[in-house]
Amino acid sequence: MKVLNICFYITGTSSLLSRHEEFEKKYQDVYRNIVSFLFEQNEGCFSISLSGSLLSWIGREHAEFTQLLSKLISRKQAELLGGGYYNPVFPLLFAQDRTGQIDLMTSEVRRFVGKRPHGMTVFHSIWDNSLVPCIQSCGMDYVLLDSSLIPKEKQFYLPLLVTEQGKSINVLSVSREFIPNMLIAPREYLRNLFDTVNYLTKDDSYNSLTDERVVAIKIEEGQFKKLYESKWLDKLFVAAKEYFPDSVKITLPIEYLHREQTRVPSYIPAGIQSDVAKWAKKAYEESNSSACPPTIFDFLLTYKQNKALYNRMLYISLLINQCKGDKTRKKVAREKLWIAQSGEGYVCDPDGVFANNAMRQLAYRSLTEAEKLVREAQNGSFKEMVSCYDYNGDGFNEYICAMKQYNACVSLKGAQITELDIIHNTGNYADSPRRIKQFDKYEDKYHRGLFVDHLFSIDEFSDYKKNTPTGNGIFSQVLFRQLDFDAHRHEIKLSGSGTFSPIQAGVTLIKKYIANSNGFALQYILKNESPFDLKGVFVAESNYAQTDFSSVKAHSYKVEVISNDEKSEIDAKEAPRSSKKVSYMQITDISNDISFVYEPNELCDIVCMPILFRRPSSSSDVPTISGNAFVASLCWNVELEAGKEIEKTINYSIIVPKKNKKKRV
């Protein structure tokens, strides 16, 4: 090797949750200084990767930046990279959404700097070879991918040529081990970098084809700020010019690719960059030992809430693709879908657990807005329906209730509602995690959805009211079976069975959902199948997800009950609270002004309590609070003789705000 080409690129980390003040600070600390540095250093050059939202914000608030960047691009000192506008996880998307996101970003880049991007980045280097035809058809010449995805036998520090279905794209490997270190002098850094690459490639077969090699190096925003303020970068470019004029070239990827013809034919297996992939095998725990590198689908199987969002996203994407109505509304619906495809909602790590909760809710809200637009686009032809199919790909059918006020998913596992999206533009109220013992002290054995049912002994119920896991999973962990399904009447009739452990009594529960425009009517028939008398407590539990993200412990639910014909409010924000002989309960999400009303056919007790979830964080040695959920349970004391049964019913209503009427002047 005679010449080492070094391609530095700076990548932003903006979020859809970022506020104006955060964007402004990022701009003042980093991006303004990038153009200042490049104008001062005529020999300097950087590629820059911005998210679509950050690029659009800078274009609105700091037009001078895009004007200066445009000049730098014409001087071949800068290159603005493309990608997906909302940083999506490309392998999860349909082809139309993949190209749509890339084309939207390309249009924004062209609008702001006058030239389209030639290269692109991929969120967390989440890769699948099937992306090649899409990327090539969008006019991209190359993709930057983390070196941890590149097979070792293909790491020649040369461009890779990846092919799929007759289409090809160049891939540049981003070497994490060569990230600049301020503790090392720039001259020494360049010498070490040249010597290392030269040593690793001295005997390979490509020496006869080319005298040049290439290294792509990513610089995070925070790293650039330190390197810039310490003048390390200035010294780097001076050192390259003075001490390595013939052996080191700091260049742009597109300039290098136009000059260098040598390519390494390769196949890159599906994967994720290593620092994210290590969290994919076990929830919130690092794991590096794996025979097969994890993919994004392994990640989703580990993080069930992220997988649930993926299911919802696919559902809405299919609705939009099948929509035949108003094209304008369909176009806006697809834009809402793209917002919901932001990778932050599908991939989380210990640096962003809480933000991931907020991003999922933002994504659910955007998907609900998209569904609302699709319904409106059908010119009044929307019809309420309940369908039955394997919605989440777990091998069992689910029941999807697309009703006027909401969209809900009823699962055979626990016969509970695992998703509840209110069409009044809100997130998923059933998006609550489980507690994990090593972080939360307790381990939940069931999904915390809505209308999760339990049958407890008196002692178990006492523990339950203290917010501690108890019981043997009747009926929260039972796989129910379908007894009857009437799509026309919107009726779902399920049956589950188990053993009441204190007396080893067999019990069955028939649970019937009747969906209507504003909620459900639920019917329970609990039967003692054993020859023994049974005494216990039957509980119908609902877990409401966090919707106020002003802080990790923010609580937005208000509970009002009618007990003994008197109305009162229950404050269960800090600790469990209960009330007896309740005939009516209303839970109001204050942040969205949406209420959920429970009207049991018989008086019951209620238990309400908050649950805090803790998860690991790189900023702390102990798990920190990452979010919360609110639990509301209806409870009945039951005494069943052998072979006898009892019936309970609940009318569940969803109340959304009425549209404000315009005042007459």
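The values are calculated or read from the model by the stated rules, or taken from the named source; none is laboratory data. Treat the numbers as computed from the prediction; the structure is a model and nothing was measured. Reconstructed Cβ throughout: ideal geometry from the backbone, glycine too, with neighbour counts over all protein chains shown. For accessibility, only protein heavy atoms count, side chains too; no ligands or nucleic acids. Shrake-Rupley method; radii C 1.70, N 1.55, O 1.52, S 1.80 Å.
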(message) Looking only at residues that are closer than 30 Å to Ala63 by Cβ and of a type in the set (Lys, Arg) in segment 114-171, which one is least open to solvent (accessible area, probe 1.4 Å)?
(response) Arg116
(message) Could you tell me how many of the residues in segment 320-329 are free of Cβ contacts under 8 Å to residues at least 60 places away in the same chain, surrounded by fewer than 18 Cβ atoms within 10 Å (Cβ to Cβ) and not in a loop (DSSP other than H, G, I, E, B)?
(response) 3
(message) If I filter segment 365-377 for residues that are over 18 Å from Ile594 (Cα atoms), open to solvent by 40 Å² or more (accessible area, probe 1.4 Å) and either in a strand (DSSP E or B) or of a type in the set (Phe, Trp, Tyr) (or both), do I get at least one hit?
(response) no
(message) Could you tell me how many of the residues in segment 596-618 are in contact (Cβ under 8 Å) with a residue 40 or more places away in the chain and not in a strand (DSSP E or B)?
(response) 5
(request) Output the number of the condition that Val622 fails; it satisfies all remaining conditions of (1) open to solvent by less than 40 Å² (accessible area, probe 1.4 Å); (2) not in a strand (DSSP E or B). (result) (1)
(request) Spot the failing condition for Pro600; the list is (1) modelled with pLDDT of 95 or more; (2) on the phi < 0 side of the Ramachandran plot; (3) open to solvent by 30 Å² or more (accessible area, probe 1.4 Å), and only one is missed. (result) (3)
(request) Report yes if Ser578 is farther than 25 Å from Tyr652 by Cβ and either under 24 Å from the mean Cα position of the chain (by Cα) or assigned to a strand (DSSP E or B) (or both), otherwise no. (result) no
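Restricting to segment 197-206, and then to whatever is loosely packed, with under 14 Cβ neighbours inside 10 Å and in a helix (DSSP H, G or I), can you tell me which residue is modelled with the lowest pLDDT?
In this case the residue turns out to be Ser205.
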(request) Looking only at segment 166-196, count how many residues are β-branched (Val, Ile, Thr), without any contact (Cβ under 8 Å) to a residue 40 or more places away in the chain and outside any loop (DSSP other than H, G, I, E, B). (result) 2
(message) Can you name every one of the strands (runs of 3 or more DSSP E) wholly within segment 443-521 that holds 1 or more residues which are open to solvent by 40 Å² or more (accessible area, probe 1.4 Å)?
(response) 481-486, 491-500, 505-516
(request) With respect to Ser130, determine if the residue is at pLDDT 95 or above and among the polar types (S, T, N, Q). (result) yes
(message) So for segment 233-241 (the condition being touching a Gly at 6+ places or on another chain (Cβ under 6 Å) and on the phi < 0 side of the Ramachandran plot), does at least one residue qualify?
(response) yes
(request) For residues that are open to solvent by 50 Å² or more (accessible area, probe 1.4 Å) and in a loop (DSSP other than H, G, I, E, B), scanning just segment 522-535, find the one that is farthest from Ile587 (Cα to Cα). (result) Pro531
(request) Give me a count of the residues in segment 536-555 that are open to solvent by 10 Å² or more (accessible area, probe 1.4 Å) and not in a loop (DSSP other than H, G, I, E, B). (result) 0
(request) Please verify whether segment 603-618 includes one or more residues that are charged (D, E, K, R), open to solvent by less than 30 Å² (accessible area, probe 1.4 Å) and closer than 19 Å to Gly449 by Cβ. (result) no
(request) Could you list all residues from segment 172-196 that are surrounded by fewer than 19 Cβ atoms within 10 Å (Cβ to Cβ) and of a type in the set (A, V, I, L, M)? (result) Ile179, Met182, Leu183, Ile184, Ala185
(message) If I filter segment 293-313 for residues that are surrounded by fewer than 21 Cβ atoms within 10 Å (Cβ to Cβ) and over 19 Å from the mean Cα position of the chain (by Cα), do I get at least one hit?
(response) yes
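I'm trying to understand the selection: among the residues of segment 241-270, which are of a type in the set (Gly, Ala, Ser) and either farther than 21 Å from Glu177 by Cα or at pLDDT below 95 (or both)? Give the steps one after another, and end with the answer.
Filtering segment 241-270 for residues of a type in the set (Gly, Ala, Ser) gives 247, 266, 270.
Answer for segment 241-270, where residues must be of a type in the set (Gly, Ala, Ser) and either farther than 21 Å from Glu177 by Cα or at pLDDT below 95 (or both): Ser266, Ala270.
Of the residues that sit in segment 556-581 and are open to solvent by less than 40 Å² (accessible area, probe 1.4 Å) and farther than 28 Å from Ser457 by Cα, which one is modelled with the highest pLDDT? Spell out how you get there, then give the answer.
Within segment 556-581, the first condition is being open to solvent by less than 40 Å² (accessible area, probe 1.4 Å), and the residues that meet it are 556-557, 559-561, 563, 570, 572, 575, 579.
Next, from what is left, pick out any that are farther than 28 Å from Ser457 by Cα: 556-557.
Details: Ser556: 92, Tyr557: 96.
Within segment 556-581, the match that is modelled with the highest pLDDT is Tyr557.
Identify, from the list Thr66, Thr99, the residue that is in contact with a Gly (Cβ under 7 Å, 6 or more places away or on another chain) and not small (Gly, Ala, Ser).
On the way: Thr99 fails: in contact with a Gly (Cβ under 7 Å, 6 or more places away or on another chain).
On inspection, the qualifying residue turns out to be Thr66.
Quick check on segment 466-476. Is at least one of its residues closer than 15 Å to Asn628 by Cα, β-branched (Val, Ile, Thr) and out of contact with any Cys (no Cβ under 7 Å at 6 or more places or on another chain)? I'd like the intermediate steps shown before the answer.
Of segment 466-476, the ones closer than 15 Å to Asn628 by Cα are 467.
With the extra rule that they be β-branched (Val, Ile, Thr), the set shrinks to none.
So far as segment 466-476 goes, no, none of its residues is closer than 15 Å to Asn628 by Cα, β-branched (Val, Ile, Thr) and out of contact with any Cys (no Cβ under 7 Å at 6 or more places or on another chain).
Mind listing just one residue for me: the one in segment 239-258 that is open to solvent by 60 Å² or more (accessible area, probe 1.4 Å) and either acidic (Asp, Glu) or touching a residue at least 40 places away in the same chain (Cβ under 8 Å) (or both) and, of those, nearest to Leu160 (Cα to Cα)?
Let us first name the residues in segment 239-258 that are open to solvent by 60 Å² or more (accessible area, probe 1.4 Å), namely 241-243, 245-246, 249, 258.
Keeping just the survivors that are either acidic (Asp, Glu) or touching a residue at least 40 places away in the same chain (Cβ under 8 Å) (or both) gives 241-243, 246, 249.
On the way: Lys241: 28, Glu242: 31, Tyr243: 30, Asp246: 25, Lys249: 20 Å.
Step by step, filter segment 239-258, then rank; the result is Lys249.
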(request) Take Thr426 and decide whether it is closer than 24 Å to Lys573 by Cα and surrounded by fewer than 20 Cβ atoms within 10 Å (Cβ to Cβ). (result) no
(message) Just checking: which of the helices (runs of 4 or more DSSP H) contained wholly in segment 251-307 hold 3 or more residues that are closer than 30 Å to Glu212 by Cα and in contact with a Leu (Cβ under 9 Å, 6 or more places away or on another chain)?
(response) 253-259
(message) List pairs: first residue in segment 376-402 and among the acidic types (Asp, Glu), second residue assigned to a strand (DSSP E or B) and open to solvent by less than 40 Å² (accessible area, probe 1.4 Å) anywhere in the structure, Cβ distance under 7 angstrom, at least six positions apart or on different chains.
(response) Glu384/Ala402; Asp390/Glu398; Glu398/Cys409; Glu398/Val410; Glu398/Ser411
(request) Taking only segment 465-480 into account, find how many residues are under 31 Å from the mean Cα position of the chain (by Cα) and closer than 18 Å to Pro576 by Cα. (result) 4
(message) Going by what's in this entry, would Ile339 be described as open to solvent by less than 10 Å² (accessible area, probe 1.4 Å) and among the β-branched types (Val, Ile, Thr)?
(response) no
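Identify, please: which residue in segment 161-196 is aliphatic (A, V, I, L, M), touching a helix residue (DSSP H, G or I) at 6+ places or on another chain (Cβ under 8 Å) and farther than 15 Å from Cys7 by Cα and is, among those, modelled with the lowest pLDDT?
Within segment 161-196, the subset aliphatic (A, V, I, L, M) is 161-162, 169, 171-172, 174, 179, 182-185, 190, 193.
Restricting the remaining residues to those that are touching a helix residue (DSSP H, G or I) at 6+ places or on another chain (Cβ under 8 Å) gives 162, 169, 172, 174, 179, 182, 184-185, 190, 193.
Of the ones still in play, those that are also farther than 15 Å from Cys7 by Cα are 162, 169, 182, 184-185.
Working: Val162: 97, Ile169: 97, Met182: 92, Ile184: 95, Ala185: 96.
Residue satisfying both the conditions and the ranking: Met182.
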